Each structure stands twice: as C-alpha cells, then as structure tokens.
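Read the structure below first, then the notes.
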Amino acid sequence: MSTTLVEYRVEHGIAIMALHNPPANTYTYEMMRALDECILQARFDPTVSVLVLRGHGERFFSAGADISMLRTVDPAFKYYFCLHANETLLRLEQTPKLVIAALNGATVGGGLEIAMACDLRIAKRDAGRIGLPEVALGVLPGTGGTQRLPRLVGRARAIELMATGRVFAFEEALEIGLIDHIFEAEDFFEAVLDYARQFTPPNKASKAVGRIKRAVCSGLELPLPAGLALEREFQQQLFESADAAEGLGAYVEKRMPRFQGA
C-alpha cells in the first residue's frame with residue numbers, strides 16, 4: 001500500500017496530513033487505509049499536539065469517494081468500504097488531540113464527510129464550494145454525513161441540504177455553522193498553521209485541549225449524569241498532570257505558564 005496517498009509530516013507539534021489523489025483528491029479503499037495509519041501515527045506520537053488535514057494542491061480538499069471505483073466493485077465490497085471509512089473517521093473523531101480541517105478547495109460529498117469528522121473546519125476564501133450531493137447519484141451520504149451534518153446545522157436544515165444535494169459557497173457554510181472560519185486565500189495554509197500553533201505547548205496545555213475534545217464528543221452521546229462522570233474522570237487525569245501543576249503555579253506566581261504537553 002502506498003502511503004503517498006496521504007502525505008504526512010510533523011512540524012513543531014503539528015501533524016500535517018494531505019489527501020493526495022489528483023485531480024480531485026477522491027478517496028479509495030487504499031487511501032482510507034493510508035489515512036487510518038496516519039491518524040494512528042499522530043495519535044501515538046507524543047510530540048504531536050494537533051492534527052491538520054488538507055487536500056493536496058490548490059483546487060480540491062476532496063471530492064469524495066472515487067465513483068469509478070464504486071461502479072466496478074460488487075455490493076458486498078461497497079458495504080465493507082463504507083464500514084471501514086466510518087471506522088477511520090470515528091478514529092479521527094475520537095483521537096484525544098485537536099483535529100483541524102483546512103479546506104483549501106472544493107469540499108463535496110465524502111470530502112465534506114471527512115471534514116465533518118474533524119473538530120474545526122477552516123476554509124480558504126473563494127476557493128470552492130461545499131455540500132453533500134450524493135442524492136444525485138441515487139445514494140445517501142454514507143460516510144457519516146446523515147449523522148454528523150444534523151449535529152452541526154440542525155435536523156431540518158441537514159435534511160434539506162442532503163435531499164436537494166445543493167452545493168454552496170463557503171460563506172453560506174460559515175453562516176449556518178458548517179465551517180468555523182474563512183481565511184484569506186493569500187498564505188492560507190500558513191495562517192491555518194499559525195492558528196493551530198496556539199493549541200500546542202508552550203502556548204496551551206495540549207493534554208487539557210485533548211481532554212476537552214473527548215469530554216465534549218463523548219459526553220454529547222451520553223445522558224447528562226454519565227457525561228458529568230466522564231468530565232470528572234478527565235479532570236482527575238488532568239489534576240495529576242505536570243501541565244496542571246504548571247498552570248496553577250503560574251497563576252499563583254502571576255506569570256505566564258510554559259506548558260510541556262505532559
């Protein structure tokens with residue numbers, strides 16, 4: 001399996017992953033396996049605090065699944081493919097490190113489904129359109145789209161967007177809460193990295209950021225008492241961390257903390 005389907009590098013505590021399948025960065029079973037491996041590598045790398053996912057090139061984040069691949073395989077493989085893709089995106093969503101999707105171009109179909117499994121979505125101004133047009137193919141968004149989109153924009157709006165298959169500008173996506181920021185096209189990716197660095201040591205206690213993410217993502221699926229119990233468990237883990245000692249000490253001593261991610 002060629003891991004060049006997902007380019008991977010680490011810079012200053014940030015794992016940068018780029019989907020690489022020109023021209024539209026469509027994904028195949030092999031790419032999903034490569035993405036899975038990169039997610040695991042970043043998750044267990046103690047030097048990595050934040051993951052940033054982008055598309056290779058300038059025109060596409062990802063246009064989703066490779067349709068020519070789906071046309072030529074049997075129904076059993078299509079089911080297995082969706083199952084594996086869902087497992088990969090759940091792993092991304094459950095990784096206790098912040099994940100940022102840098103939408104550097106068109107983000108449609110399964111490409112948006114990947115982006116929705118990330119914690120934050122930052123788009124490049126005037127770089128493309130966004131949406132889930134799978135209904136035009138006679139199918140539904142089958143890599144988590146029917147579940148994650150309503151959690152982001154509400155049930156009625158999500159149903160309408162998926163049933164019409166409408167694709168739209170990043171500015172509208174910002175208005176409805178589907179993306180979190182739009183950055184200018186010039187030096188877009190450097191601006192994304194600058195944004196990501198605020199969540200890495202020594203600026204932030206990255207372990208606390210990760211536990212905040214896990215408490216929110218897991219807690220939302222639980223009854224409130226169970227969610228509060230999960231919150232207490234994570235809080236106790238953080239109380240025992242070196243960064244909590246540094247943060248509390250810095251507050252008392254009236255100085256800026258210098259976190260180490262430990």
Long-range neighbours under 7 Å by Cβ, at least six apart or interchain, first residue outside the structural domain of I39 (by TED's automatic domain parsing) within segment 73-89, second surrounded by 12 or more Cβ atoms within 10 Å (Cβ to Cβ) and aliphatic (A, V, I, L, M): none
Helices (runs of 4 or more DSSP H) enclosed by segment 65-143 - at least 1 residues per element that are modelled with pLDDT of 95 or more and touching a Cys at 6+ places or on another chain (Cβ under 8 Å): 75-94
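So that you can scan it fast, the table gives a plain yes or no per residue for (1) surrounded by fewer than 13 Cβ atoms within 10 Å (Cβ to Cβ); (2) assigned by TED's automatic domain parsing to the domain that holds A158; (3) touching a Pro at 6+ places or on another chain (Cβ under 8 Å):
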{"site": "H181", "(1), (2), (3)": "no, yes, no"}
{"site": "E184", "(1), (2), (3)": "yes, yes, no"}
{"site": "F188", "(1), (2), (3)": "no, yes, no"}
{"site": "C217", "(1), (2), (3)": "no, no, no"}
{"site": "P225", "(1), (2), (3)": "yes, no, no"}
{"site": "R232", "(1), (2), (3)": "yes, no, no"}
{"site": "Q235", "(1), (2), (3)": "no, no, no"}
{"site": "F239", "(1), (2), (3)": "yes, no, no"}
Some residue of segment 173-180 being over 18 Å from the mean Cα position of the chain (by Cα), under 23 Å from F61 (Cβ atoms) and among the acidic types (D, E): yes
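Taking N21, is it surrounded by 14 or more Cβ atoms within 10 Å (Cβ to Cβ) and over 18 Å from the mean Cα position of the chain (by Cα)?
yes
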Among residues of segment 177-206, those that are more than 18 Å from E11 (Cα to Cα) and either touching an Asp or Glu at 6+ places or on another chain (Cβ under 6 Å) or free of Cβ contacts under 8 Å to residues at least 24 places away in the same chain (or both), counted: 1
Residues (hydrophobic (A, V, I, L, M, F, W, C) and over 21 Å from I67 (Cβ atoms)) located in segment 136-167: L152, V153, A156, A158, I159
Which listed residue, of G165, G142, G154, G138, is surrounded by fewer than 20 Cβ atoms within 10 Å (Cβ to Cβ) and either touching a Ser or Thr at 6+ places or on another chain (Cβ under 6 Å) or touching a residue at least 60 places away in the same chain (Cβ under 8 Å) (or both): G142
Number of positions in segment 243-261 that are loosely packed, with under 13 Cβ neighbours inside 10 Å and touching a Lys or Arg at 6+ places or on another chain (Cβ under 9 Å): 1
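The values are calculated or read from the model by the stated rules, or taken from the named source; none is laboratory data. Note that this is a predicted model, so its numbers are computed, not measured. For neighbour counting, all protein chains shown are included, and Cβ atoms are generated from backbone atoms with ideal geometry for every residue, glycine included.
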